[in-house]
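This report refers to the structure that appears directly beneath it.
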Amino acid sequence: NRSPTPNHVALMRTLVCSVLLIMAIFSQNLIRVHIAFIPILVPPLLQVMTYLKLDRRLIAFVLTFGLVTPYMVLPV
């Protein structure tokens, strides 16, 4: 029944962004689902993002970076 500390909130923000980045990178190379994971994964996370006060522009940037950059960087 305790409220989370600012350190825990910051850790959860970083974790959500990191997991979305890893999913975006893997969707291009390892899993081969392209961008089909976005409508499945992101809408349930909207409540979590609101609770953590995450900027949705940051999430859009993370997804865009994870989807576009592997094409330029990874020699696959």
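The values are calculated or read from the model by the stated rules, or taken from the named source; none is laboratory data. It should be emphasised that the depicted structure is a prediction, and the values quoted were computed from it without experimental measurement. Virtual Cβ from ideal backbone geometry, glycine too; neighbours counted across all protein chains shown. Note: accessible area is taken over every heavy atom of the protein model, side chains too, but ligands, DNA and RNA are not part of it. Shrake-Rupley method; radii C 1.70, N 1.55, O 1.52, S 1.80 Å.
Applying 1/(1 + (r/R0)^6) with r as the Cβ-Cβ distance of residue 26 and residue 53 and R0 = 35 angstrom yields a FRET efficiency of 0.85.
Counting pairs of alpha carbon atoms under 8 Å apart in space and at least six apart in sequence, what relative contact order in percent does the chain give? RCO, the chain: 43 percent.
Over the chain, what percent of the accessible surface lies on carbon and sulfur atoms, probe 1.4 Å?
The computed percentage sits at 71.
For the chain, the set of trypsin sites (Lys or Arg not before Pro) satisfying both a DSSP loop assignment and a count of at most 11 other C-beta atoms within 10 Å is given as 2, 32, 53. Taking a point 7 Å out from the Cα of residue 41 in the direction of its Cβ, the residues of the range 60-76 whose backbone N falls within less than 11 Å of it are 63-64, 66-67. Based on DSSP H segments of at least four residues, each scored -39500 (n - 2.57), the chain has a per-residue ellipticity at 222 nm of -25500 deg cm²/dmol. Evaluated at q = 0.18, 0.20, 0.24 Å⁻¹, a Debye calculation over the C-alpha positions of the chain (equal weights, vacuum) places log10 I(q)/I(0) at -0.74, -0.86, -1.11. Over the chain, accessible surface divided per residue gives 76 Å², non-protein components excluded, 1.4 Å probe.
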